[in-house]
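**Student:** Pasting a structure below so you can have a look.
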Amino acid sequence: MTRPVVGILGAGKLGTTLARLTVHAGYKTLIASRKPVAALKWIIDTLAPGADTVSASDLTQAADIVILAIPLSQIPTLDPAALAGKIVLDAANYWADVDGSTNTYSSLTEGSSEVTQRLLAQSLVAKAFNHMGYHDLEIEVTRHAAEPSAMAFATDHDQIRPAVSELIVTLGFAPLDLGPLRFGLLLEPGSPLFGLAEPVPAFQAALANVYQSPFGRHVIAARGQRIQ
Ligand SMILES: NC(=O)c1ccc[n+]([C@@H]2O[C@H](COP(=O)([O-])OP(=O)(O)OC[C@H]3O[C@@H](n4cnc5c(N)ncnc54)[C@H](OP(=O)(O)O)[C@@H]3O)[C@@H](O)[C@H]2O)c1
């Protein structure tokens, strides 16, 4: 089977790191930001050689899997029609320095990727690649080669679970399927799972204890119960 074309929207710290990983893993990789292609190309040729710099519209047209590596507050600017039918891996997190001191996008009762899925209603959204820092991504694919680091994901679309898992495995991580998209909230900033770059057993231990953390207690307070 031919490999999917991976399109990475956002060419900053996370986007260029993921582009290096996908190129290294043999995926045709497209990358775009709001910059004109000519202005971005020399940056990509340096930071992620082998990735093709394209316009955002060419990227959304050609990619089978689109990774959102843009600020959370930019997601509402995306054209849902351009992403209709695509697998969209939402790596974006609320970050006060970038997205404003108040999170007006998501809450403890509706995680950010649930909002993204609502906005991109015709896309097959998974939350993925959000919980590990960009600096750890490249370190972890080599450090734990025998026992790869867990890359958790969550989605409401069973039909994309194999493709998401395959991408994660091929990049050098161990996929950890949290289930429906609402469970992705547990991967967001503030959670003890956020920032975690650990093999599956350690990740699962942290997951098992998540509701004992201040974050987990806030989730229960906001929802009246654990995420079901
Ligand atoms: N840094 C990490 O370790 C890390 C890890 C996991 C998840 N994340 C999440 O990933 C996202 C990106 O983080 P980052 O650290 O890579 O940020 P960054 O270094 O500031 O890069 C953001 C990129 O997005 C582009 N961009 C902004 N708005 C855009 C739009 N509407 N369409 C297309 N491209 C757009 C920017 O380029 P232009 O301004 O030129 O368009 C830039 O290339 C954030 O949501 C962050 O929370 C980051």
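**Student:** Please list the non-local residues whose amide H lies under 5 Å from the amide H of ASP90, H modeled 1.01 Å from N, same-chain partners needing a gap of 5 or more.
**Tutor:** Sorted by chain and number, the residues that satisfy this are LEU68, ALA126, LYS127, ALA128.
**Student:** Then there is this: Hey, how many Å between the Cα centroid of region 66-104 and the Cα centroid of region 162-180?
**Tutor:** Cα centroid to Cα centroid, the span is 20 Å.
**Student:** Output the 0 to 90 degree angle, nearest 10, between the alpha-carbon long axis of helix 37-47 and the longest principal axis computed from the alpha carbons of the chain.
**Tutor:** Roughly 70 degrees, rounded to the nearest 10.
**Student:** Note the angle between two axes, namely the Cα long axis of helix 134-143 and the longest principal axis of the Cα atoms of the chain, as a number of degrees from 0 to 90, rounded to the nearest 10.
**Tutor:** Helix 134-143 and the main axis of the chain meet at about 90 degrees.
**Student:** Where is the GNM fluctuation largest for the chain (alpha-carbon springs, 10 angstrom cutoff): GLY172, GLY26, GLY100?
**Tutor:** Maximum fluctuation in the GNM of the chain, among the listed residues, is at GLY100.
**Student:** Separate question: Based on the Cβ-Cβ distance from ILE43 to PHE194, what FRET efficiency comes out when R0 is 22 Å, to the nearest 0.05?
**Tutor:** Plugging the Cβ-Cβ distance into 1/(1 + (r/R0)^6) gives 0.20.
**Student:** Same structure, new question: Treat every Asp and Glu Cβ in region 1-109 as -1 and every Lys and Arg Cβ as +1, leave all other atoms uncharged, and give the resulting dipole magnitude about the Cα centre to the nearest 20 debye.
**Tutor:** That gives region 1-109 a dipole magnitude of about 240 debye.
**Student:** Treat region 52-123 as a sphere of radius equal to its Kirkwood radius over Cα pairs and apply Stokes-Einstein at 37 °C in a medium of 0.692 mPa s; give the translational diffusion coefficient in µm²/s, rounded to a whole number.
**Tutor:** 257
**Student:** Moving on. Over all directions, how big on average is the projection of the convex hull of the alpha-carbon atoms in region 105-228, in square nanometres?
**Tutor:** 7.5
**Student:** In addition: Of THR142, THR53, PRO201, which is farthest on the positive side of the dipole of the chain, counting Cα position, with +1 on Lys and Arg Cβ, -1 on Asp and Glu Cβ, and the Cα centre as origin?
**Tutor:** THR53
**Student:** Label point 7 Å out from ARG226 along Cα-to-Cβ: which residues of region 171-195 have amide N under 16 Å?
**Tutor:** It comes to 178-180, 182-187, 192-193, nothing else.
**Student:** Another question about this same structure. Across the chain, how many lysine pairs, 8 or more positions apart or on different chains, have C-alpha atoms separated by under 20 Å? Please give the number.
**Tutor:** Lysine pairs, 8 or more places apart or on different chains, close enough: 7.
**Student:** List, largest first, the extents of the alpha carbons of region 21-65 along their principal axes, each in whole Å.
**Tutor:** 27, 25, 9
**Student:** Another one. One-quarter of the Cα convex hull surface for the chain, in nm²?
**Tutor:** Taking a quarter of the hull surface, the average projection is 12.0 nm².
**Student:** Quick one: putting +1 on the C-beta of Lys and Arg, -1 on the C-beta of Asp and Glu, what dipole do you get for the chain around its Cα centre, in Debye to the nearest 20?
**Tutor:** 160
A short reminder: the numbers here are calculations on the coordinates, not readings from a lab. These figures come from a predicted structure and were not determined experimentally. We place every Cβ from the backbone using ideal geometry, glycine too, and count neighbours over all the protein chains shown.
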